[in-house]
Ligand code: HEC
Ligand code: HEC
């Protein structure tokens, strides 16, 4: 409500101040000065933003046999302990490669096929502590994965997606190569969701076992051998693996968790969505962006000392991330990540270094328009809220809780006794913001002190929305990545719907 009101106020202001009608829109470029183009071109060149972020990378097509197998695996509930969750439950192509929720609901959803707002478990409170990041453009990451960067390419070679050196994972521990990580960051990551109780495993499957035992059991389930024999009533996985790997071998040889992770990783890495209006502009089409989008881009890329917003201090490069972790004090809501009082210490959880408390990995911003809600706990619903936060974290979180905090988020609407759901959220957020302000005061932080007018903030929002590849909003364009009945290998394919039963 509040945001809508804001939006209309601004629209009117813009309309008056440009002495144009409200129909003034992205298609009218008469208000753009050539000097604006030249200034932005200069920033683009200086910051190495020419070229396409996927260029020169070794990324598969969705039509490759391994990516096709990966799609089927990504959509099967057979990889979850109780056969009720799939990867796609939290990473659907029509939900921005994410789930539209602030905090995900994994196991024990009341209606497992329902994705997005309305996906709930019995008590209505999500059990997963962090927001689900997008899997779009996963093949563009060269540094780390997860909000706390706990899965790392040890060499971080540009353009490699982790393929050129070893990878350290939560299994091997920080800075130690995981011999089972597989060839790239995507394969290494695909080993972990199945081991998380709240996401896919639940409490009874391989209770008390090590991660590796969970994976081996799941591989045996799909391969119909050993400990997993007979667990799937319908099971045609062997033929699928033989086809994808072009190998006539038995299930024990072919259906290993390493091969499962490899196929899932190839599916994810085929999701390259980079053809945004911004990309067209970078490629030389000056008509691709509106005046507001150009102003927003210029603010984004200009350093604070030069009157800009300094966003590229951290959201740098063609993928708009430095791959580093920073404390910026986003609200801390939800059950937290295993420390005291539902708190989430972020990077400190991975390193044990308290200096890194409340630092989270800088998200990439391509297609950010379709990946709401935002931040590691999904606390902000709109890009305007996110921009406001970056301008003044202390004021933004005050306003956030004054306006209802998490209870104002779509996911928590109508939840009984909502205000008492997260009794430590305000205090935890205060600690995170204090840490952020301390780092700024000591000039450790890259978050600049800035002030932006309402108009400038909306221009930043307009720029962020120009990072959207139109494909991701188009069901037909996305259909190669969405499994249908013909992809059902074990009668456990998740055909997702929204809360009203409409297929996604
Ligand atoms: C219940 C929801 C849920 C399910 C199911 C789930 N994920 Fe996730 N996924 C998340 C959350 C939450 C995170 C962030 C966790 C963190 O950073 O601590 C995440 C992180 C990721 C990332 C890292 C992205 C990045 O930019 O760092 C990838 C890739 C991913 N998931 C793929 C998968 C795959 C593959 C599966 C199935 C094997 C899967 N997910 C199942 C919720 C889920
Ligand atoms: C100090 C580094 C830094 C600077 C400077 C910075 N950001 Fe961020 N940004 C982050 C981090 C870190 C997060 C994630 C915070 C979290 O999850 O707790 C983030 C989150 C975001 C998100 C949410 C993305 C998502 O997927 O959840 C957007 C949008 C964003 N920033 C835009 C901007 C804009 C616009 C600016 C300039 C006004 C900016 N950022 C400046 C570090 C930075």
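Using a cutoff of 8 angstrom between alpha carbon atoms and counting only pairs six or more residues apart, the relative contact order for the chain works out to 21 percent.
In terms of overall dimensions, the C-alpha atoms belonging to the chain reach 72, 49, 46 Å along their principal axes, ordered largest to smallest.
Find how much the distance from residue 231 to residue 121 grows on full extension, using 0.36 nm per residue of separation minus their present alpha carbon separation; answer in nm with one decimal. Mind dumping the intermediate values first?
Details: separation 110, 0.36 × 110 = 39.60 nm, distance 2.47 nm.
Working it through step by step, the gained length comes to 37.1 nm.
Taking neighbour Cβ counts within 10 Å as the exposure measure, how do 370, 272 sort from fewest upward? Display every interim value, and only then the final one.
Numbers: 370 19, 272 22.
Ascending number of Cβ neighbours within 10 Å: 370, 272.
In terms of the mean number of neighbouring beta-carbon atoms within 10 Å, the peptides 67-73, 152-158 order highest first as 67-73, 152-158.
The base-10 log of I(q)/I(0) for region 359-504, evaluated at q = 0.14, 0.15 Å⁻¹, reads -0.89, -0.98 [Debye formula, identical scatterers on Cα atoms, solvent excluded].
If the viscosity is 0.890 mPa s and the temperature 25 °C, what Stokes-Einstein diffusion coefficient in µm²/s follows for region 65-271 when Rh is the Kirkwood radius over Cα pairs? Provide the component values of the computation, followed by the final result.
Numbers: Rh = 17.3 Å.
Answer from the Stokes-Einstein relation: 142 µm²/s.
A Stokes-Einstein calculation at 25 °C with viscosity 0.890 mPa s, built on the Kirkwood radius of region 422-472 over Cα pairs, returns a diffusion coefficient of 175 µm²/s. For the pair residue 110 and residue 196, label points projected 7 Å from Cα toward Cβ lie 2.3 nm apart. Given q = 0.19, 0.21, 0.23, 0.31 Å⁻¹, what are the Debye log10 I(q)/I(0) values for region 252-304, with equal point scatterers placed on the Cα positions and solvent ignored? Reported log10 I(q)/I(0), two decimals: -0.72, -0.80, -0.88, -1.12.
Each label point was placed 7 Å from the Cα along the Cα-to-Cβ direction; for residue 166 and residue 42 their separation is 4.7 nm. Computed from Cα atoms, the angle from the helix 65-75 axis to the main principal axis of the chain rounds to 90 degrees. DSSP finds beta bridges in the chain, and of those with both partners inside it, around 85 percent are antiparallel. I need to check one value: relative contact order of region 65-271, counting alpha carbon pairs closer than 8 Å and at least 6 residues apart, in percent. Relative CO of region 65-271 lands at 25 percent.
The slack in the chain from residue 355 to residue 473, taken as 0.36 nm per residue of separation less the alpha-carbon distance, amounts to 38.5 nm.
Compared with the dominant Cα axis of the chain, that is its longest principal axis, helix 454-465 is turned about 30°. For the chain, the longest principal axis of the alpha carbon atoms and the long axis of helix 393-402 meet at an angle near 70°.
Just want the ordering: 140, 185, from fewest to most Cβ atoms lying within 10 Å of their own Cβ.
The order, fewest Cβ neighbours first, is 140, 185.
Over region 130-199, Cα pairs under 8 Å with separation of 6+ residues give a relative contact order of 24 percent. Put in line by how crowded their Cβ is, counting other Cβ atoms within 10 Å and starting with the fewest, 38, 333 read 38, 333.
Just need log10 I(q)/I(0) for region 183-300 at q = 0.17, 0.22, 0.23 Å⁻¹, Debye formula, equal scatterers on the alpha-carbon atoms, no solvent, rounded to two decimals. Result of the Debye calculation: -0.86, -1.28, -1.33. Between residue 286 and residue 204, the modelled label-to-label distance comes to 6.7 nm, taking each label 7 Å out from Cα in the direction of the beta carbon.
When peptides 441-452, 484-495, 283-294 are ranked by their average number of other Cβ atoms within 10 Å per residue, the highest-first order is 283-294, 484-495, 441-452.
Each reported figure results from applying straightforward, stated rules to the coordinates on display, with no laboratory input. Bear in mind that the values here come from a model prediction, so they are computed numbers and not experimental data. Positions of Cβ are backbone-derived with ideal geometry, glycine not excepted, and every protein chain shown enters the neighbour counts.
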